[in-house]
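Some notes on the structure that comes next.
Bear in mind that the values in this text are calculations on the coordinates, not laboratory data. As the structure is a prediction and not an experimental result, all values here were calculated from the model. Cβ: placed from backbone, ideal geometry, glycine included. Neighbour counts: every protein chain shown.
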Amino acid sequence: MKRRAVVTGGAGFIGSHLSQLLLRNGYDVVVYDDFSNGSGRKNLSKNIKIVKGSILNPGKFRSICRNCDVVFHLAVKPLIMSFDRPEEVVKVNDYGTYLVAKTCTELNCKMIHVSSSEAYGTALSLPMKENHPLLPHTIYAGSKAASELYVRGFHKTEGLKMVIVRPFNSYGEYMRDDTYAAAIPNFYNRISKGLLPIIHGTGKQTRDFTYVGDTCSGIMLADQSEDALSKTFNIGQGHEESIKKIAEIMIRKYQEITGREIKKEMKFQKPRKGDVMRHLADISSAKRILGYKPTTTMEKGISKYITWKLTRVA
């Protein structure tokens, strides 16, 4: 019998890729999304049932989750909203997660809670293990840290079957280019127009950029491993790259793919509010327990993204 999955935020960037991956792996998938973002809606197959709704509407959400086996919870308000609409971030990311966890508990449905590496803040030690302190820099990051505690609280007191995953800087096709963390789409947009890529700060900030296909593989494996229950996992590439290096790779790959001569220069601006300086995931637990194995290198992933963007323009 097919495993029945509900994906909250399933029309978003990561959610749409995850929904497609689940479908290919034999799941019966329902996407539950309010379409306030919906950047990946065109990425969804006709074989996926799509229901418009908010996780803040517990009655409707509960009706969708009846008879489901697992909820992959990705519905979220993005980091950029921390600065102009923080109350909405807290309402959706925290209270919304509480409602999702409550529903999953009452319906005896497993919950895969997709948190974020932003909850860690700047690394105190590298690579960052799952027991690294949570020292968030923004309201968004704080909301992701707090949401984990609600999920774990339901597990401890009510027996919720749950797994928490913390993705590190996912990128790839259908990623929005107007989000706070969208360095790769922003670099592409400027380079493709003949403009210099903008670096905020020195460019020495590092991230563990992870191709979205690898991220979604890790999230799916969190459901498929019996040994994963009640645990938290980092999902990343396991490699640290500076923002400046990413811009250099984008310039080089764009030039290779298009044949256009590109200026190998960058424009530097003041640092962004709430930015973290270093991130690098320790993915040893995900490898050992989930069988997680990222396969897409940074250069390959950026090449795939550029090719996809050029195809869409054509």
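Taking the alpha carbon gyration tensor of segment 140-272, multiplying each eigenvalue by 5 and rooting it gives semi-axes of 36, 16, 11 Å, largest first. For the chain, the longest principal axis of the Cα atoms and the long axis of helix 13-24 meet at an angle of about 60 degrees.
The C-alpha radius of gyration of segment 128-202, expressed as a fraction of 2.2 N^0.38 Å, stands at 1.54. Percent of Cα pairs in the chain per distance bin of 20 Å, from zero to the largest separation: 34, 58, 8, 0.
Averaging Cα coordinates gives a centre for segment 213-251 and one for segment 277-314; these two points are 7 Å apart. Size of segment 67-179: Rg and Dmax of its alpha carbons, in Å, are 14.4, 43.
Would you mind checking the tilt of helix 97-106 against the longest principal axis of the Cα atoms of the chain, expressed as 0 to 90 degrees and rounded to 10? Rounded to the nearest ten degrees, it is 30. Dipole of the chain computed with +1 at Lys/Arg Cβ and -1 at Asp/Glu Cβ about the Cα centre; of S285, P167, L135, farthest Cα towards the positive end is P167. A Gaussian network model of the chain, with springs between Cα atoms under 10 Å, assigns the largest mean-square fluctuation among G274, G172, G15 to G274.
Taking other Cβ atoms within 10 Å as a rough exposure proxy, C104, C216, C65 sort from fewest to most as C65, C216, C104. Rounded to two decimals, the Cα-based Rg/Rh of segment 257-314, with Kirkwood Rh, is 1.10. The H on the amide N of T210, modeled in the peptide plane, is under 5 Å from the matching H of S170, Y171, each at least 5 residues off or on a different chain. The tail of the calculated P(r) for segment 163-226, taken as Cα-Cα distances beyond 19 Å, holds 44 percent of the pairs.
Computed 3J(HN,Hα) for segment 246-262, one whole-Hz value per residue from the Karplus formula 6.51 cos²θ - 1.76 cosθ + 1.60 where θ = phi - 60°, is 4, 4, 5, 5, 4, 4, 5, 5, 5, 5, 4, 6, 8, x, 7, 7, 10, glycine and proline marked x. Working note: 222 nm ellipticity from helices only, DSSP H runs with n ≥ 4, each -39,500 (n - 2.57), summed and divided by the residues of the chain, gives -11000 deg cm²/dmol to the nearest 500.
Taking Cα atoms only, the orientation of helix 212-224 departs from the longest principal axis of the chain by about 20 degrees.
D by Stokes-Einstein for segment 1-158, Kirkwood Rh over Cα pairs, 10 °C, 1.306 mPa s: 99 µm²/s. Computed from point charges on the beta carbon alone (+1 for Lys and Arg, -1 for Asp and Glu), the dipole magnitude for segment 90-200 about its Cα centre is near 80 Debye.
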